[in-house]
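Written below as structure tokens is the structure these notes are about.
The values are calculated or read from the model by the stated rules, or taken from the named source; none is laboratory data. Since this is a predicted model, take the numbers as computed values, not measurements. Glycine also receives a Cβ, built like all others from the backbone with ideal geometry; neighbour counts cover every protein chain displayed.
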Amino acid sequence: MTCERKHKVVVVGSGFGGLAAAKALSKRSSRSSTEADVEVTLVDRNNFHTFQPLLYQVATSGLNAADIAHPVRGIFHDSPGVSFVHAAVTGADLERGIVHLDGTSHPVDDVPFDDLVVAAGATTNTFGTPGVEEHGFPLYNLADATALRNHVLERFEAADVAPDLIDDGALTFVVVGGGPTGVEVAGALAELFSMVLRKDFKHLDVGRARVVLVEMLPQLLGPFSDPSRRHAREALEERGVEVRVEEQVERVEATRVVLAGGEEIPAHTLIWAAGVKANPLGALLGLPTVGSGRIEVGPDLNVTGHPNVWAVGDIAASIDARTDQGPLPQLAPVAMQGGVHVAEQIRRRIDGLPTVAFRYRDKGTMATIGRSHAVAELPLRIRLRGFPAWVAWLALHLVMLAGFRNRVSVFVNWAWNWFTWDRGPRVIFGGEGATRARASDRP
């Protein structure tokens, strides 16, 4: 009896794209023995998957960090063909098919591959704006969200002891970027201040706290229709958010945000939600990149010039074969569909079939503005605004969460927030120095 060699696939990144690829490939391992088997190795420097759409709720004390993080190994309990390695990728020998790894706390061996799937995501893009790296707070991972929550609460604690700090900008929070993330953060902060912290800080004039949303384009939520944009802006302004469109940040200082027109906003907090760029792993591996560092791929998501390397999600400059337009936006649905597509193409290669082009199915987009308010634009020209859109947003995000425990925990927290106007996880871990250190030490 001979043992057929398994086809080895290494997937780098446990985000939406990497998980989708690993899950789709693992299904082949459970098929009949007459088909070629696949051995999947998933590599990530974090041992958990982060549900990034809800990071802003961790940052604004709506959820605990553990509510939106799920152990990677737990996701694949029932997938014997998938193994996980807790390590960072330091390079690769693409000709020999070897990925070089560095264990986060222990030595690990390099991993061989027949096919490599790069799904390492993105990082914050500051566009070279002076001071953002030193003084701004990004919101791309759990460390960012926890650091921001600490800082927000610390500013209120400081102002409670020394109210004169309010004039210096201690309670002014500038959010840069009018996309879904910026809109969601701004709305959540405004509600946190007016509905929760107002009761916590009885001797502090919390009404003087400001949330300023800065967007360089003429409107918020660029991909949405005009009615949805108007609804979002009106809902934000009803909550006290100062919306500043056609404004651009020139530089950021420790206690000041300077706009391109010369205006200085006294503010101890700048939240940067103005965009992301591809993870530099593509360049590190010597793969061809375009634009802001996204890996150049063909119509089937195969990396140009490397027939056994694939790229999906935020790190890939993928194009929709339906419209021949791209690169596609750096969104979770694009990554998830891309991961499944790459898994299918690897299967086709194993079976001796030609690959097919990636066709993205746009399932719509959503943004929540706060309690009971959201905008949703779905296929078939379905447009939802207000409470119906908010309910749809809640349901979709609950379904997408990884892990039953996470879904239950998030649902309970949301129900508690709804009925009590309270937010439980408003706790500070460490001091101001620790907060700044975590903000700059992003995985």
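Let's see how each residue does on (1) in contact with an Asp or Glu (Cβ under 7 Å, 6 or more places away or on another chain); (2) acidic (Asp, Glu); (3) touching a residue at least 24 places away in the same chain (Cβ under 8 Å):
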residue	(1), (2), (3)
ALA69	no, no, yes
ASP93	no, yes, no
GLY97	yes, no, yes
VAL132	no, no, yes
ARG149	no, no, yes
THR172	no, no, yes
GLY178	yes, no, yes
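When each of ARG383, ARG359 is tested for being part of a loop (DSSP other than H, G, I, E, B), touching a strand residue (DSSP E or B) at 6+ places or on another chain (Cβ under 7 Å) and over 25 Å from TYR140 (Cα atoms), the lone residue that passes is ARG359. The single residue among GLU253, GLU215, GLU247, GLU242 that is under 14 Å from VAL174 (Cβ atoms), at pLDDT 95 or above and within 22 Å of the chain's Cα centre (by Cα) turns out to be GLU215.
The set of residues in the stretch 84-137 that are touching a Phe, Trp or Tyr at 6+ places or on another chain (Cβ under 9 Å), over 26 Å from GLU296 (Cβ atoms) and of a type in the set (A, V, I, L, M) contains only VAL132. Annotation note: of ASN302, ASN308, the sole residue that is surrounded by fewer than 18 Cβ atoms within 10 Å (Cβ to Cβ), at pLDDT 95 or above and under 18 Å from LEU25 (Cβ atoms) is ASN308. Candidates are the residues of the stretch 71-87 that are in contact (Cβ under 8 Å) with a residue 40 or more places away in the chain and part of a helix (DSSP H, G or I); the one that is farthest from GLY15 (Cα to Cα) is GLY74. Between GLY136, GLY128, the distinction of being of a type outside the set (S, T, N, Q) and in contact (Cβ under 8 Å) with a residue 24 or more places away in the chain belongs to GLY136 only. Scanning the stretch 393-423 for residues being of a type outside the set (Val, Ile, Thr), part of a helix (DSSP H, G or I) and under 22 Å from MET366 (Cβ atoms) gives a total of 16. Considering the stretch 345-356, and only residues there that are part of a helix (DSSP H, G or I) and among the charged types (D, E, K, R), the residue that is nearest to ALA21 (Cα to Cα) turns out to be ARG347. No other residue among VAL334, VAL342 is among the hydrophobic types (A, V, I, L, M, F, W, C), touching an Asp or Glu at 6+ places or on another chain (Cβ under 9 Å), assigned to a helix (DSSP H, G or I) and within 10 Å of LEU301 (Cβ to Cβ) apart from VAL342. Being in a strand (DSSP E or B) and without any contact (Cβ under 8 Å) to a residue 60 or more places away in the chain is the filter here, so list the residues in the stretch 260-308 that pass it. The answer is GLU264, THR289, VAL290, ARG294, GLU296, VAL297, ASN302.
Against the numbered list (1) more than 25 Å from TRP272 (Cβ to Cβ); (2) at pLDDT below 95; (3) β-branched (Val, Ile, Thr), VAL356 comes up short only at (2).
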